[in-house]
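Attaching a single structure in structure tokens format; questions to follow.
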Amino acid sequence: MERFDREALRPEAGVRAIWILYKRGAWGLLEDIGIDRNQTESIFRKFEDDHLVSERLTKAQVRTLLTIIPGLKGASTELRVNYALVYYEEKTA
């Protein structure tokens, strides 16, 4: 069993995970957590074009994305809660 990583519960971790899903073209997963492709794909693309993005988003870039991507805050929270629940369920099983 993998160890629980508290860093994964940080708000920026959820946004970074969503960024990785976007970069991999995982729109099915993104739409499952409330990120609408029709609304957000062009915003993600413009952000990527306008900002130098390395493999990992900076905290400032995370804050910017949170202000421009509809539904990102809620989707990020959902990912982090689901991560915590996986470990909670394993521990209580």
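Per-residue ellipticity at 222 nm for the chain, helices alone: DSSP H runs ≥ 4 residues times -39500 (n - 2.57), over residue total, nearest 500 deg cm²/dmol?
Rounded to the nearest 500, the figure is -21500 deg cm²/dmol.
What do you get for the angle between helix 59-68 and the principal long axis of the chain? Use alpha-carbon atoms, 0 to 90 degrees, nearest ten.
Once rounded, the angle reads 70 degrees.
Ok, one more. Taking the Cα atoms only, what angle lies between the long axis of helix 37-50 and the longest principal axis of the chain, rounded to 10 degrees?
The angle comes out at about 70 degrees.
Still on this structure, please answer the following. Just order 73-81, 19-27 by mean Cβ neighbour count inside 10 Å, highest at the front, would you?
Going from most to least packed, we get 73-81, 19-27.
Got a sec? How would 65, 9 order by Cβ neighbour count within 10 Å, fewest to most?
If I rank by nearby Cβ atoms, fewest first, I get 9, 65.
To continue, here is another question. Determine, at each q value in 0.13, 0.19, 0.23 (inverse angstroms), the log₁₀ of I(q)/I(0) that the Debye formula gives when each Cα of the chain is one equal point scatterer.
-0.45, -0.88, -1.20
What angle, in degrees between 0 and 90 and rounded to the nearest 10, separates the Cα long axis of helix 11-23 from the longest principal axis of the Cα atoms of the chain?
The helix 11-23 is inclined about 60 degrees to the chain.
None of the figures in this text is laboratory data; all of them are computed from the coordinates on show. From a predicted model like this one, the values you see are computed outputs, not experimental measurements. Neighbour counts are summed over all protein chains in view; Cβ atoms, including those assigned to glycine, are modelled from backbone coordinates with ideal geometry.
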